[in-house]
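The values are calculated or read from the model by the stated rules, or taken from the named source; none is laboratory data. Please read all numbers here as calculations on a predicted model, not as lab measurements. FYI the Cβ positions are ideal-geometry reconstructions off the backbone, even for glycines, and counts take in every protein chain you see. These accessible areas exclude ligands, DNA and RNA; they are computed on the full protein's heavy atoms, side chains included. Shrake-Rupley method; radii C 1.70, N 1.55, O 1.52, S 1.80 Å.
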Amino acid sequence: MKKLRVIDLLKSTDYNSTTEIKGWVRTKRGNKQVAFIAVNDGSTIHNIQLVVDLANFSEETLKPITTGACIHAKGILVQSQGQGQTVEIQVSEITLLGGADDTFPLQKKGHTLEFLREVAHLRPRTNTFGAVLRIRHNMAFAINKYFNDRGFFYLHTPIITGSDAEGAGEMFRVTTLDPVNPPKNEDGTVNYKEDFFGKSTNLTVSGQLEGELGAMALGRIYTFGPTFRAENSNTPRHLAEFWMIEPEMAFYDIADNMDLAEDFLKYLIQYALDNCKDDLEFLNTMYDKELIARLQSVVGNPFERLTYTAAVEVLKSAKKKFEFPVEWGTDLQKEHENYLVEHFKRPVILTDYPKDIKSFYMKLNEDGKTVRAMDILFPWIGEIIGGSQREENYDKLVARMTQMHVPVEEMWWYLDTRKFGACEHSGFGLGFERLILFVTGMTNIRDVIPFPRAPKNAEF
């Protein structure tokens, strides 16, 4: 007998055939003659209904089949007489695979998202998190498909690194040294020459710098992996461990970079609309009534493109009073990003930021004051992509690194790409969890990753 998943059974028209299903009980209800058991196996947000004639089963068999239990059922697939499903199974055999006592925390009632974070090991069994995780899978697949279909190569950049790509210094240290009595230098500092790698190393905040090396050989690459930031922030938009997608392209200028990023985002959102219909409709109904319309709007409209300087003028002329004042040279806050998106009623790509608020690797413009950076701002999310054309001129790059106190000697390998066959190149980074926030309509980034890592939170 072929074992089918719930998603397959619900689509089946092979009525009156013998079938079987394994899954977890969501609900159990009934009367003295019949029991109705809703079973889900994670393949879809929808449950399949099992119809159990109580005359054929002992109370001892059915009593432990409660919410949360895992069961194996066999029976006949028939057209459903009730509302809400097209088929159901008339059960002939039922076996308890794993019971769930009355301490099972996900009983049939409303649970807050805050509570579900406390039981993150079980929350994938809820409709909400099943939907989010299926969408997350589909987005990961779509990312790889998009780049593969366009001739990009997937480059695995290191998780352990000796460099700080962002220059922020908020990195997790990786060491095998004794935490109580590490070896010391004569001046009392820790002697990292005695460490595993012979130097101070950290968890990466970005695969970009190594990605540039790959682009200088393979032409077009992308990375997709975990990144880490030891930022003591407990906001709904920050995680200590998160995933990044970072393409790097040789022979791309800033305009090429913007075109790719816009096309990439539209592709991903359309893929979700095409392949995650049931899950999106559930989230649209339960959490965000404008979710699907917002996704369709992003796909259906060109992104607005303007310079940082022009954006500052728009903000300064706004009638709205901002918490953070806006002047040329200041970094934009989320309230400013949200205003720009609402003002233009579409995603916005900002370019040509002041060099003093951007990273050392971004290419200087001719004015000497701005760099060829780009940020893509999305409705409600704010910045979803950050990127730039990279500085390919060796002398200019060294000067910027020196000015920004980036250790030139330690970055010799990065500078070598500017000495040996340098070329125009660009890239960007997309925060995967921010993409999932936008696609699902969830409001806290800890609810779009299976096991969130944040300050004072490394459970599960």
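Values as computed for the structure displayed
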quantity: Set of lysines near LYS184 by C-alpha distance (under 24 Å), chain-local residues within fewer than 8 positions excluded; calculated: LYS193, LYS199
quantity: Above-threshold pairs, the threshold being 20 Å between Cα atoms, out of LYS28/LYS109; LYS289/LYS321; LYS11/LYS289; LYS320/LYS358; LYS355/LYS419; calculated: LYS289/LYS321; LYS11/LYS289; LYS320/LYS358; LYS355/LYS419
quantity: Heavy atoms of SER200: accessible area, 1.4 Å probe, square angstrom to 10; calculated: 40 Å²
quantity: Segment 35-103 - convex hull of alpha carbons, volume per residue in Å³; calculated: 102 Å³
quantity: Heavy-atom accessible surface of the chain: percent carbon and sulfur, 1.4 Å; calculated: 51 percent
quantity: In Å², nearest 10: area of ASP187 left accessible to a 1.4 Å probe; calculated: 120 Å²
quantity: Per-residue SASA entry for LYS355, accessible area with 1.4 Å probe, Å² rounded to 10; calculated: 50 Å²
quantity: With eigenvalues of the C-alpha gyration tensor scaled by 5 and rooted, segment 386-431, Å; calculated: 18, 14, 10
quantity: Residues of type aspartates and glutamates that LYS3 reaches as a straight line, Cα spacing below 16 Å, ignoring anything fewer than 8 places off in the same chain; calculated: ASP14, GLU20, ASP41, GLU88, GLU93
quantity: Compactness index (Cα Rg / 2.2 N^0.38 Å), segment 328-460; calculated: 1.26
quantity: Segment 356-460: GluC sites (Glu not before Pro) in DSSP loop, at most 12 other beta carbons within 10 Å; calculated: GLU366, GLU459
quantity: Within straight-line cross-link reach of LYS266, aspartates and glutamates at Cα separation under 18 Å, skipping those fewer than 8 residues along the same chain; calculated: ASP149, GLU246, ASP256, ASP274, GLU290, GLU304, ASP375, GLU383, GLU433
quantity: Cα-only radius of gyration and Dmax that characterise segment 223-288, units Å; calculated: 16.3, 46
quantity: Percent of C-alpha pairs per 10 Å bin, segment 153-265, short to long; calculated: 13, 33, 31, 16, 6, 1
quantity: Accessible surface, the chain, averaged per residue in Å² (probe 1.4 Å); calculated: 49 Å²
quantity: Relative contact order of segment 189-246, defined on C-alpha pairs under 8 angstrom at six or more residues apart (%); calculated: 30 percent
quantity: Globularity ratio of segment 1-121, using Cα Rg and 2.2 N^0.38 Å; calculated: 1.07
quantity: Neighbour cut-off at most 14 other Cβ (10 Å), DSSP loop, chymotrypsin sites (Phe, Trp or Tyr not before Pro), segment 289-333; calculated: PHE322, TRP328
quantity: Residue-count net charge about PHE242 - beta-carbon cut-off 12 Å; Lys, Arg +1, Asp, Glu -1; calculated: +2
quantity: All-pairs alpha carbon distance profile, the chain, 20 Å steps from 0, percent; calculated: 21, 46, 26, 8, 0
